[in-house]
Amino acid sequence: MSAQKLSVVGFYEDKKIFITGGTGGIGKLLLEKLLRCCPKIGCIYLLVRPKKGKTSAQRLSDLLDSPVFDKLRCYDSEVFSKIGLIEGDLSLPSLGISDEDKEKLIRNISIVFHCAASVRFDMTLEEAVESNVFGTRRLLQLCQEMIEIEVLLHVSTLYSTCHKVTVDECIPVIPTINGSMDFNQNKDDFLKTIPLEVAKKWPNTYTFSKALTEVMLDNLKGRVPVSIVRPSIILSTWKDPIPGWVDNFHGPTLTVVNGALGIIRSVVADGKKIGDVIPSDMVVNLLICVAHKTKYQDTEEIRVYNICSGRQNPLTVKFFLKESQILSTMYPSKAAIRYPNWRFTPSELTHKLRSAVHHHLVAYIFDLVAFCTFKKSRLSRIHRSVSRIAKTTKFFSLREWIVCDRNVEILNEELSDKDREVFEFDVKKINWKAWLKDYILGIRKHLLKEDLDNLDEAIARMKKLYWVENIVQSSIPIVAFFIIYFMIKRSRRRH
């Protein structure tokens, strides 16, 4: 049956859904969108683990306090009764789910969205495999027991095949692993069979573990219909449920925040490359539509959907960083310590020289002043952390990929006009300048916790920082001239 003849909203009527990673950014948006736009949905169960001294119930309560749900609260506050809590953990046998909850899922669930993952770039291979590969395998085993299972939708990453220049919409080919790896063996034996020279072809254990997970799903899916969605770099929402919503410092957001606060002045990046970013609400809209499509697709093979912007609506790294810098001065933060004036370079040597002066030297001066005035000194520590993270991300800021996203295009064409309006994921419609404005305002509001009420005060402070910046920049060549002059004069006197 063609997806064109089916209503996406109608497909979810009376459906019972299970979501992992519901407390993350994509999980929150997915939960909100399903409840608001599919009002006849049956119920949605969230897998939530206790964390940082909070119970699963407390974390679910915190999740629902997010501004993401404000629009839904105004629309229908009773709809929250459709949310069910399943306490568990992907790292535990049988997901750590109680027998009662497991029976509930087995008998009722028809659609599973697997949004959970460990996204740290500095994990050991063992940590990455345990979390991303074996966690997904445990979930797949549960899905295979579900009586009504129709779809398992796995959220991967566009960079699961980043060791190649071209990213196709297919399961990755991993030398010595595809077709020969036994994904049913225990973790220790599994790790022993992974050739390290193969793993090193990927820039980090995160992307390699996501590639392994895709191959594992292809090997072990059995009767479970599986689709994979691969987003590029996920940033703030485009417009739904609110423009510019962002809840984490991952990826480029950390660079933008540190630049806006005046903490960093140099970034390793190639401005000519395409910065392949995608708004988070578009990812969620695609997830909802892919689950609908998977139910009716005419193949048992796993279909892969690369959702990205680079081919259809390219955004250069230069435009992203420059525009973010301009907007950071127009909508500044009160917490800024210097005027935003960061530069980017593909040269590591140039970056190291700039960092030595503008990062480390300045950090020592700030920390010395803080120490002398009995305040907490932390800028040097922040710079060490930023430098460590920058080393793990430079692989992506210096490269671009040729990405095939034809499956996403075809799906968009198959949708009805109504579904296409409700679940938009056509990246050609994004105006990057307008989106970046919402992104910067979203960072200010949701991450830095500053409302527009104090904007005038922040702008006045930014003007002072601007003049301080100009005075300092003007003084540097003068001071340097006199230092060189006196050094030469002193040298001549010795002779």
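The values are calculated or read from the model by the stated rules, or taken from the named source; none is laboratory data. Since the structure is predicted, the reported quantities are computational estimates derived from the model, not experimental observations. Cβ placement follows ideal geometry from the backbone for every residue including glycine, while neighbour counts extend to all protein chains displayed.
Numbers for the structure displayed
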{"quantity": "Among (1) farther than 22 Å from Asp451 by Cα; (2) in contact with a strand residue (DSSP E or B) (Cβ under 8 Å, 6 or more places away or on another chain) - the single one Gln312 does not satisfy", "calculated": "(2)"}
{"quantity": "Some residue of the stretch 287-307 being out of contact with any Lys or Arg (no Cβ under 6 Å at 6 or more places or on another chain), under 30 Å from Asn431 (Cβ atoms) and assigned to a loop (DSSP other than H, G, I, E, B)", "calculated": "no"}
{"quantity": "Among the candidates Leu327, Leu368, Leu349, Leu361, residue that is modelled with pLDDT of 95 or more, outside any loop (DSSP other than H, G, I, E, B) and aliphatic (A, V, I, L, M)", "calculated": "Leu327"}
{"quantity": "Unmet criterion (only one of (1) under 29 Å from Ser7 (Cβ atoms); (2) free of Cβ contacts under 8 Å to residues at least 40 places away in the same chain; (3) in a loop (DSSP other than H, G, I, E, B)) for Glu413", "calculated": "(3)"}
{"quantity": "Extreme residue, nearest to the chain's Cα centre (by Cα), among residues of the stretch 371-380 that are free of Cβ contacts under 8 Å to residues at least 60 places away in the same chain and part of a helix (DSSP H, G or I)", "calculated": "Ser380"}
{"quantity": "Qualifying residue in the stretch 381-391 (condition: part of a loop (DSSP other than H, G, I, E, B), at pLDDT below 80 and within 25 Å of Thr255 (Cα to Cα))", "calculated": "no"}
{"quantity": "Total residues in the stretch 330-346, condition assigned to a loop (DSSP other than H, G, I, E, B) and either out of contact with any strand residue (DSSP E or B) (no Cβ under 8 Å at 6 or more places or on another chain) or surrounded by fewer than 16 Cβ atoms within 10 Å (Cβ to Cβ) (or both)", "calculated": "11"}
{"quantity": "Subset of the stretch 192-218 (residues that are among the charged types (D, E, K, R), farther than 13 Å from Asn132 by Cβ and crowded, with 17+ Cβ neighbours inside 10 Å)", "calculated": "Asp218"}
{"quantity": "Lone unmet requirement of (1) surrounded by fewer than 18 Cβ atoms within 10 Å (Cβ to Cβ); (2) out of contact with any Phe, Trp or Tyr (no Cβ under 8 Å at 6 or more places or on another chain); (3) among the β-branched types (Val, Ile, Thr) for Val422", "calculated": "(1)"}
{"quantity": "Scan of the stretch 281-306 for residues that are among the hydroxyl-bearing types (Ser, Thr, Tyr) and buried (at least 24 other Cβ atoms within 10 Å of the Cβ), ordered by number", "calculated": "Tyr305"}
{"quantity": "Considering residues of the stretch 392-410 that are part of a helix (DSSP H, G or I) and of a type outside the set (Val, Ile, Thr) only, the residue surrounded by the fewest Cβ atoms within 10 Å (Cβ to Cβ)", "calculated": "Arg406"}
{"quantity": "Helices (runs of 4 or more DSSP H) completely within the stretch 92-145 that count 2 or more residues being in contact with a Ser or Thr (Cβ under 8 Å, 6 or more places away or on another chain), at pLDDT 95 or above and buried (at least 16 other Cβ atoms within 10 Å of the Cβ)", "calculated": "135-145"}
{"quantity": "Hey, His351 farther than 30 Å from Trp238 by Cα and either surrounded by fewer than 18 Cβ atoms within 10 Å (Cβ to Cβ) or in contact with a Pro (Cβ under 8 Å, 6 or more places away or on another chain) (or both) or not", "calculated": "no"}
{"quantity": "Total residues in the stretch 150-159, condition buried (at least 20 other Cβ atoms within 10 Å of the Cβ) and over 23 Å from the mean Cα position of the chain (by Cα)", "calculated": "1"}
{"quantity": "Total residues in the stretch 419-464, condition β-branched (Val, Ile, Thr) and closer than 22 Å to His250 by Cα", "calculated": "4"}
{"quantity": "Selection count where residues are within 30 Å of Val256 (Cα to Cα) and touching a residue at least 60 places away in the same chain (Cβ under 8 Å), scope the stretch 289-320", "calculated": "13"}
{"quantity": "Residue in the stretch 169-191 that is touching a strand residue (DSSP E or B) at 6+ places or on another chain (Cβ under 8 Å), buried (at least 24 other Cβ atoms within 10 Å of the Cβ) and of a type outside the set (D, E, K, R) present", "calculated": "no"}
{"quantity": "Sole exception among (1) loosely packed, with under 13 Cβ neighbours inside 10 Å; (2) in contact (Cβ under 8 Å) with a residue 12 or more places away in the chain; (3) within 28 Å of the chain's Cα centre (by Cα) for Glu450, by number", "calculated": "(1)"}
{"quantity": "Lone qualifier among Leu60, Leu47 - being assigned to a helix (DSSP H, G or I), within 23 Å of Asp14 (Cα to Cα), of a type outside the set (Asp, Glu) and in contact with a strand residue (DSSP E or B) (Cβ under 9 Å, 6 or more places away or on another chain)", "calculated": "Leu60"}
{"quantity": "Candidate set: the stretch 256-275, residues that are under 18 Å from the mean Cα position of the chain (by Cα) and surrounded by 24 or more Cβ atoms within 10 Å (Cβ to Cβ); chosen: the one farthest from Asn431 (Cα to Cα)", "calculated": "Val256"}
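Yes/no per residue for (1) closer than 29 Å to Gly259 by Cβ; (2) of a type outside the set (A, V, I, L, M):
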| position | (1), (2) |
| --- | --- |
| Ile410 | no, no |
| Lys418 | no, yes |
| Glu421 | no, yes |
| Lys428 | yes, yes |
| Trp432 | yes, yes |
| Tyr439 | yes, yes |
| His446 | yes, yes |
| Leu452 | yes, no |
| Tyr466 | yes, yes |
